[in-house]
1. Provide the packing ranking of 295-305, 231-241, 27-37, i.e. peptides ordered by the mean count of other C-beta atoms within 10 Å per residue, highest first.
2. Which whole-number percent gives the relative contact order of segment 1-156, counting Cα pairs below 8 Å spaced six or more residues apart?
3. Quick check for you: which residues of segment 11-29 have the amide N under 16 Å from the point 7 Å beyond the Cα of Glu84 toward its beta carbon?
4. Local charge sum around Glu30 (other residues, Cβ-Cβ under 10 Å, Lys/Arg +1, Asp/Glu -1)?
5. Would you mind classifying segment 1-106 by shape? Square roots of the alpha carbon gyration tensor eigenvalues, ordered a ≥ b ≥ c; an a/c under 1.5 is rounded, otherwise it is prolate if a/b is larger than b/c and oblate if not.
6. Go ahead and estimate [θ] at 222 nm for the chain from helices alone: -39,500 (n - 2.57) per DSSP H run with n ≥ 4, summed, over the residue count, rounded to 500.
7. Karplus couplings for segment 280-290 from phi (6.51 cos²θ - 1.76 cosθ + 1.60, θ = phi - 60°), rounded to Hz, Gly and Pro as x?
8. For a quick protection proxy, order the peptides 257-265, 220-228, 243-251 by their average other-Cβ count within 10 Å, most packed first.
Amino acid sequence: MVPTAVLNPFKVDPRDELMHAAQPVANWTEYVYLFGYCLESNAGISIHIGKESTDTTVWRGTLGIFLADGDLLVAKYHGRDGSERSAGAGPLRAMCVEPMRTWVAQFDGLAHRTTRRAIMTQVQADSVAEMARFNLVFEAAAPLWDLEKGSSLPSLVLVEGEAAKSKDHASRTVHWEQLCKVRGEISYGGRSYAVNGGGVRDHSYGPRDYWPLVGSLWINAVFPSGKALMLMTTHVTGFSFMVGYIYRGGNEPLEVVQVVEHPFISNVDTPARSVPADPLEPGAERRFRYVFQSRKGREVVEGELLHAMGTSYISPNHELLGTDLSRVSDGSQLAECPARFTWDGESGVGVRERIVRMAALR
């Protein structure tokens, strides 16, 4: 358990972990993301659930379940099923049990089977669905991270225009992240699979437009010893940034680190149709390496992608299951990839998230 003394280094109000009242600002939304994966069972989930900016009483949830045989089950739901403590869209729910300590992800419904190759290169078509369910507990494995405070960034990473720079509360954008241990069970096809692994969750609210985000890589990993890390490298229209932190466990405080070396990231100058849409296809960067500067000096973390789930981001903040390569003027691909990480001789589990504009993908 992360000691209380180091759990909340940015003094976030615990009440902010609960759901928020909508604000009268264009493209305002609230968003919850949970990712968890188990190396032993090769099973996991990726959930994006957010309020529809056109009607903030409606939650939209996109879901990918990573299957032990290498396929996926995917689903998209809408519904007014949230509460003060939870984001809810039909049978999909993400709930805050204890702020900064424990969240729960639950699903009991129908999902569509697909392959990694299909979801990374095509929009998901309707199909005969099958039952699936899970109940997963996300427990804090590191202190809470505040993106804006921790990186000293203006609140304009996913926002356009003057609203991003406004100090008005209604236009405020906030983003919290936390590395987690993930445990529970996923059931489908008449069998159940235990999950005992790691992952990450985030929670944000404010006006959101995906289009200014040109390209990004974001890695999160947790290790059996209690260590954990996050590194992010991002190109946004008009500027770029690299941020990261590590947690060495116990009473060690969260340490902000400098990213020194990172894999390729798409930019505005990236040639059209030059980046593999499927990050695990031959010729893609399935294995990757980061170097970061910590108080101990330069440290290296290496990773290997194990699977992938694709979602299309359509400006300002719409989402499609799968990858719509035709949306070159307003779309980006989000690739959520379970990964095995190695840091200082220890193997851990987590995710590498990649965002690339559709025009750059092939």
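Every read-out reported here was derived from the displayed coordinates using simple, explicitly stated rules and does not represent laboratory data. Not measured: the values here are computed from a predicted model. Cβ atoms come from the backbone with ideal geometry, glycine included; neighbour counts cover every protein chain shown.
1. Numbers: 295-305: 14.5, 231-241: 16.6, 27-37: 23.6.
In decreasing order of mean packing, 295-305, 231-241, 27-37 become 27-37, 231-241, 295-305.
2. On the way: 302 pairs, mean separation 32.0, N = 156.
Once normalised by length, the contact order is 21 percent.
3. 14-22
4. Numbers: positive: Lys51, Arg208; negative: none.
The answer is +2.
5. Working: a/c = 2.38, a/b = 1.10, b/c = 2.17.
Oblate.
6. On the way: 3 runs with 15 residues, N = 362.
Using -39500 (n - 2.57) per qualifying helix, the result is -1000 deg cm²/dmol.
7. 10, 6, x, x, 7, 7, 5, 9, 8, 8, 10
8. Details: 257-265: 15.6, 220-228: 21.7, 243-251: 19.0.
By packing density, highest mean first, the sequence is 220-228, 243-251, 257-265.
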